[in-house]
Amino acid sequence: MEPDPDLHELLRTLRVWSPEVTALPAFDPNAAPTEPLPLFTAWFAEAVAAGQIEPHTMSLATSDADGLPDVRTVMLHGADTDGWSFASHSGSSKGRQLAARPYAALHFYWPALGRQIRLRGPVESAPSTEAQADLHARSTGALAAALTGRQSEVLGSVTELAHASQDAWERAQRDPDAPAPTWTLYRLRPVEAEFFQGDAQRRHVRLKYRRSDAGWLRELLWP
């Protein structure tokens, strides 16, 4: 019988931004655009080009009615002047939390380039027609998952899930325009956006955008 792994020993063997798998590009904040969206788009494209695994996944932090925090990984559905979008069922944990406190934070981490992006701001629901159009533009699997529904509810067994999922897959294949009424497209409109570029000498560059009545303000932060 093998001994249990030693967590602390494992941690000591790990490196951050190993040069074999990570490039740390230079980042001149003085040359950054006046708004965060163009910089996000450029960094996202560079993450894809660098081979970053699943660069479109992000951490979504919300809080419940009592103010207790929660976080999970979700998929970015788009980013434009209306905000950064993601989707979920309105009855899920995140959906209920956003209904109670419509404010959230997003976090992207792209270790292939030693970069992070943090966004904070209010969240609004897009019209149902937009949510359904976004869903039906995706894969059959995405529609089947949405049709399975009951996200975050207590599950009796994996067999119950298998049966419900099979029924949903068959419906999605039979009717690719089938509606998922609780499927909701959310948009976070940032009031703050921070771009973090790692540096081998720990002189990390942190550029923060803050929304004001006069437009976006930019400031550097100590690492």
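The values are calculated or read from the model by the stated rules, or taken from the named source; none is laboratory data. Keep in mind it's a predicted model, so treat the numbers as computed, not measured. Cβ: placed from backbone, ideal geometry, glycine included. Neighbour counts: every protein chain shown. For the accessible areas, the whole protein counts, side chains as well, though only heavy atoms, and no ligand, DNA or RNA atoms are used. Shrake-Rupley method; radii C 1.70, N 1.55, O 1.52, S 1.80 Å.
A compact table of results
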| quantity | calculated |
| --- | --- |
| Search result, residues across the range 75-123 that are within 13 Å of the chain's Cα centre (by Cα) and farther than 21 Å from Leu39 by Cα | Ala87, Ser88, Lys94 |
| Close pairs from the range 125-153: first within 16 Å of Leu185 (Cβ to Cβ), partner β-branched (Val, Ile, Thr) and surrounded by 18 or more Cβ atoms within 10 Å (Cβ to Cβ), Cβ under 9 Å, at least 6 apart | Ser125/Thr184; Ala126/Thr184; Ser128/Thr184; Ala131/Thr184 |
| Hey, Glu35 in contact (Cβ under 8 Å) with a residue 24 or more places away in the chain, touching a Pro at 6+ places or on another chain (Cβ under 8 Å) and open to solvent by 40 Å² or more (accessible area, probe 1.4 Å) or not | no |
| Test: residue in the range 98-119 that is within 30 Å of Arg15 (Cα to Cα), part of a loop (DSSP other than H, G, I, E, B), of a type in the set (A, V, I, L, M, F, W, C) and open to solvent by less than 50 Å² (accessible area, probe 1.4 Å) | yes |
| Failed item, numbered, when Ser165 is tested on (1) at positive phi; (2) without any contact (Cβ under 8 Å) to a residue 24 or more places away in the chain; (3) among the small types (Gly, Ala, Ser) | (1) |
| Residues satisfying the stated conditions in the range 46-85, i.e. open to solvent by less than 60 Å² (accessible area, probe 1.4 Å), farther than 19 Å from Arg138 by Cβ and not in a strand (DSSP E or B) | Ala47, Ala50, Gly51, Gln52, Asp64, Gly67 |
| Filter result (among the charged types (D, E, K, R) and within 22 Å of Val123 (Cα to Cα)) within the range 151-187 | Arg187 |
